[in-house]
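Participant: There's a structure below that I have some questions on.
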Amino acid sequence: MTKVIAMSGKGGTGKTTLSALLIKYLIVKKLTPVLAVDADSNANLNELLELDVDLTLGQIRKDLKGDMPPNMTRDQFMEMKVHQALIESSGFDLLVMGQPDGPGCYCAANQHLAMTMDHLATNYRYILVDNEAGMEHLSRMNLRAVDTLLVVSDPSARGILTARRIADLTSPLGIEIKSKQLIVNRAPDPVPEALNNKINEAVENSDMQLGGILPSSDTLIEQELSGNSYLKLGHDVDIVKKAFNIFSHIIS
Ligand SMILES: Nc1ncnc2c1ncn2[C@@H]1O[C@H](COP(=O)(O)OP(=O)(O)OP(=O)(O)O)[C@@H](O)[C@H]1O
Ligand SMILES: [Mg+2]
């Protein structure tokens, strides 16, 4: 069975960074093939993986509203285009959602996309969705269940409170979420007691578990600035070891 992992959390907390590190983890642990979905309209997961994007699902949904090539149904067209949009890499493929729907009705296009995603999903062991703050993409992609929702927070009181709100607000999505894991990113090391108290309070008063606490890392900042793929980071790098340790507890 394909397992779905989705990222959530407010802007700039580290969702894309953790997505890239998680892809690396799944590859190293041979939990492949992985489908990585960049559901951020300002797509940038590809940059952390040094991959170029030619075609997005947003573009395909637009094309689907136009004329079809002769002898092709809309489902066949969608299937063909989605395969064109898949960026194939070693151990994983990347699919980029692109811009949200413009004016007009995309219901039919989204229905075709949902069917294609159902087919596609069965090819993968893990699907990892890097979201922007909202999570409506999950329903558009027809993912009815999420095995693990990572709620990423910055190390502030308000950040932790926002993470709690995000975790509480998932029910209206109509998606079954089996496990919610709070990850506090860019935390001071050692973790101040007051922050620890906030984290414990959030975990006790929500249905989130504490996935882990990740420190701030100059290596990640340098890697991002260099434009080199996060997949090239050494396994002995401190932040990689710490992230892998967290993932080993939450990915069963
Ligand atoms: N543990 C860390 N240590 C140092 N820098 C980090 C860490 N995690 C993330 N960053 C940096 O913080 C910035 C924001 O991270 P990232 O893009 O992953 O956040 P995001 O949640 O995906 O943002 P958005 O909501 O805009 O998609 C990036 O420049 C990234 O390199
Ligand atoms: Mg991001």
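Participant: Please identify the pairs in which a residue from the range 215-241 that is within 17 Å of ILE23 (Cβ to Cβ) has its Cβ atom under 9 Å from the Cβ atom of a residue that is away from ligand 1 (no atom under 11 Å from the Cβ) and aromatic (Phe, Trp, Tyr), counting only partners at least 6 apart or on another chain.
Facilitator: Pairs that qualify, where the first residue is within 17 Å of ILE23 (Cβ to Cβ) and the partner is away from ligand 1 (no atom under 11 Å from the Cβ) and aromatic (Phe, Trp, Tyr), are HIS235/PHE244; VAL240/TYR25.
Participant: Give me a count of the residues in the range 213-232 that are outside any helix (DSSP H, G or I) and buried (at least 19 other Cβ atoms within 10 Å of the Cβ).
Facilitator: 3
Participant: Which of the following residues is in contact with a strand residue (DSSP E or B) (Cβ under 8 Å, 6 or more places away or on another chain), modelled with pLDDT of 90 or more, within 16 Å of ligand 1 (Cβ to nearest atom) and not aliphatic (A, V, I, L, M): THR13, THR2, THR32?
Facilitator: Of the residues listed, the single one that is in contact with a strand residue (DSSP E or B) (Cβ under 8 Å, 6 or more places away or on another chain), modelled with pLDDT of 90 or more, within 16 Å of ligand 1 (Cβ to nearest atom) and not aliphatic (A, V, I, L, M) is THR13.
Participant: Among the numbered criteria (1) at pLDDT 95 or above; (2) of a type in the set (A, V, I, L, M); (3) under 24 Å from ASN44 (Cβ atoms), which single criterion is violated by LEU210?
Facilitator: LEU210 satisfies all of (1) at pLDDT 95 or above; (2) of a type in the set (A, V, I, L, M); (3) under 24 Å from ASN44 (Cβ atoms) except (3).
The rows are residues; the columns are (1) surrounded by fewer than 16 Cβ atoms within 10 Å (Cβ to Cβ); (2) aromatic (Phe, Trp, Tyr); (3) within 15 Å of ligand 2 (Cβ to nearest atom); (4) farther than 24 Å from LEU169 by Cβ.
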{"site": "MET1", "(1), (2), (3), (4)": "yes, no, no, yes"}
{"site": "LYS30", "(1), (2), (3), (4)": "yes, no, no, yes"}
{"site": "SER41", "(1), (2), (3), (4)": "yes, no, yes, no"}
{"site": "GLY58", "(1), (2), (3), (4)": "no, no, no, yes"}
{"site": "GLY66", "(1), (2), (3), (4)": "yes, no, no, yes"}
{"site": "PRO70", "(1), (2), (3), (4)": "yes, no, no, yes"}
{"site": "PHE77", "(1), (2), (3), (4)": "no, yes, no, yes"}
{"site": "THR116", "(1), (2), (3), (4)": "no, no, no, yes"}
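Participant: Take ILE166 and decide whether it is in a helix (DSSP H, G or I), surrounded by 13 or more Cβ atoms within 10 Å (Cβ to Cβ), within 16 Å of ligand 1 (Cβ to nearest atom) and modelled with pLDDT under 95.
Facilitator: yes
Participant: Still on this structure, please answer the following. Scanning for something in contact with a helix residue (DSSP H, G or I) (Cβ under 9 Å, 6 or more places away or on another chain), at pLDDT 95 or above, within 16 Å of ligand 1 (Cβ to nearest atom) and not β-branched (Val, Ile, Thr), does the range 109-125 turn up at least one residue?
Facilitator: no
Participant: Sticking with this structure for a sec: Among all residue pairs at least 6 apart or on different chains, which show Cβ distances below 7 Å where the first residue, located in the range 1-29, is at positive phi and in contact (Cβ under 8 Å) with a residue 60 or more places away in the chain and the second is within 16 Å of ligand 2 (Cβ to nearest atom) and not aliphatic (A, V, I, L, M)?
Facilitator: Close Cβ pairs satisfying both conditions: GLY9/LYS15; GLY9/SER153; GLY14/ASN185; GLY14/ARG186.
Participant: Within the range 48-65, is there a residue that is within 16 Å of ligand 1 (Cβ to nearest atom), touching a residue at least 60 places away in the same chain (Cβ under 8 Å), closer than 23 Å to ILE250 by Cβ and touching a helix residue (DSSP H, G or I) at 6+ places or on another chain (Cβ under 9 Å)?
Facilitator: yes
The values are calculated or read from the model by the stated rules, or taken from the named source; none is laboratory data. This one's a predicted model, so the numbers in the text were calculated from it and none came from an experiment. Note: ideal-geometry Cβ built from the backbone for every residue, glycine included; neighbour counts use all protein chains shown.
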